[in-house]
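We did not get these values from a lab; they are worked out from the coordinates using the rules stated. Model, not experiment: these values are computed from the prediction. As a convention, Cβ positions derive from the backbone with ideal geometry for all residues, glycine included, and neighbour counts pool all protein chains shown.
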Ligand code: FES
């Protein structure tokens, strides 16, 4: 899936928790000055430092739904890969240079999770520790990343990736409801296997337009037919309501949801009246702009001015004039779309840039905006 992975805050909201935002900002600003080697290792620094890229090769490809392919990726020399946990994703650099995020949908318990955990390495076949699996739906209007994967990635194709990261961690609560919309099953599949292994009280609802669009349907049914509910729009006359989805929740359940924006909105609205206790979610692509004001971007000091409507992102407007402008997450956490601000007062809404980088003029136009009537002059 063309991933969007916004780490939710402590209450499942798609913004950083306020307390930790301030704590992180404090640490970024003051830890180097405090002199302690321990404090210098503040948690944001490693994240913004580039890490060595993983070299990968496609070793297998199979169709897992009408417009979804699953790729198996491995180290070209057959060596072990960095470990991961359910909910993690890979940032891939495709042969064209596009960067995209995809959830890992394999099973860490029979694979890479144990690669760097010597205490458990003896439980794992070494051959199984050197592969990642991702699944990608072809999106006709998705910016070309999924089309490139479908059209050009075959066994033998080389590509690079960053180590897996996890912004959608599974906490293995005693009662769990998994809600997947279409390709949103990919981060949930490893969680379902983990829940089953740990004898949790779990249920999964997997929704889609029709049966042939549901990836991994047979694999899911085989896990536990009594706990897996496949629900298609063509059989039910339309998409499910939030209430309908949450009706499968055991009392006090934690809900893990990954799917399109309307599904997440429906679940959020119905949560309070449901038996569920908490919600963790991962969104596809950009969140809808709900509190934007119209402003203007200018392309260079003397370039053309483009109006940004209240309900569109600056990135989407910029890409109409500069189609090559790179992007990936569209949610302000990967940094791929960074541009330089030459003039104007921005409203930074990302979760990536430090105060110092913002002061240097860095801006992420996928989420950042400006006040009504403001003009941002960008070096693009
Ligand atoms: S596209 Fe990821 S931060 Fe803008």
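Stretched out fully, how many nm does the piece from residue 290 to residue 172 gain, at 0.36 nm a residue minus the Cα gap? Don't skip to the answer; put the middle values down first.
Numbers: separation 118, 0.36 × 118 = 42.48 nm, distance 3.23 nm.
Here the segment from residue 290 to residue 172 would lengthen by 39.3 nm.
If I stretch the segment between residue 312 and residue 85 completely, what's the gain in nm (0.36 nm per residue apart, minus their alpha carbon distance), one decimal?
Numbers: separation 227, 0.36 × 227 = 81.72 nm, distance 3.43 nm.
This chain segment gains 78.3 nm when fully extended.
Grab the Cα-Cα distance for residue 227 and residue 247, subtract it from 0.36 nm times how many residues apart they are, and report the gain in nm with one decimal.
Numbers: separation 20, 0.36 × 20 = 7.20 nm, distance 1.31 nm.
Value of the extension gain: 5.9 nm.
For a label point 7 Å from the Cα of residue 360 along Cα→C-beta, name the residues of the range 304-335 whose backbone N is under 15 Å from it.
The answer is 335, whose backbone nitrogens lie closer than 15 Å to the label point.
Averaging sequence separations of C-alpha pairs under 8 Å and six or more residues apart, then dividing by the length of the range 295-379, give the relative contact order as a whole percent.
On the way: 164 pairs, mean separation 33.9, N = 85.
Answer for the range 295-379 is 40 percent.
Given an 8 Å cut-off on Cα distances and at least 6 residues of separation, report the relative contact order of the range 175-283 as a percent. Mind showing how you got there, number by number?
Numbers: 214 pairs, mean separation 34.4, N = 109.
Contact order relative to length: 32 percent.
Calculate, for residue 60 and residue 152, the FRET efficiency according to 1/(1 + (r/R0)^6) with r their C-beta to C-beta distance and R0 22 Å; round to the nearest 0.05. Each step should come with its number before you reach the end.
Working: r = 16 Å, r/R0 = 0.72.
Approximately 0.90, to the nearest 0.05.
Just rank 170, 178, fewest to most, by other beta-carbon atoms within 10 angstrom. Intermediate results must be reported in sequence, preceding the final value.
Numbers: 170 22, 178 28.
With the sparsest Cβ surroundings first, the list reads 170, 178.
Measure out, as a whole number of angstrom, how far apart the alpha-carbon centroids of the range 236-295 and the range 305-346 sit.
Here the answer is 27 Å between Cα centres.
Using R₀ = 22 Å, calculate the FRET efficiency as 1/(1 + (r/R₀)^6) where r is the Cβ-Cβ separation of residue 218 and residue 197; round to 0.05.
Values: r = 20 Å, r/R0 = 0.89.
That gives a FRET efficiency of 0.65.
Would you mind ranking 258, 171, 105 so that the residue whose beta carbon has the fewest other beta carbons within 10 Å leads the list? Walk me through the numbers on the way to the answer.
Working: 258 30, 171 11, 105 23.
By the 10 Å Cβ count, ascending, the order reads 171, 105, 258.
Only bridges with both residues in the range 186-319 count here: give the DSSP antiparallel percent, nearest 5. Intermediate values should be presented prior to the final figure.
Numbers: 4 of 15 bridges.
Counting DSSP beta bridges with both partners in the range 186-319, the antiparallel share is about 25 percent.
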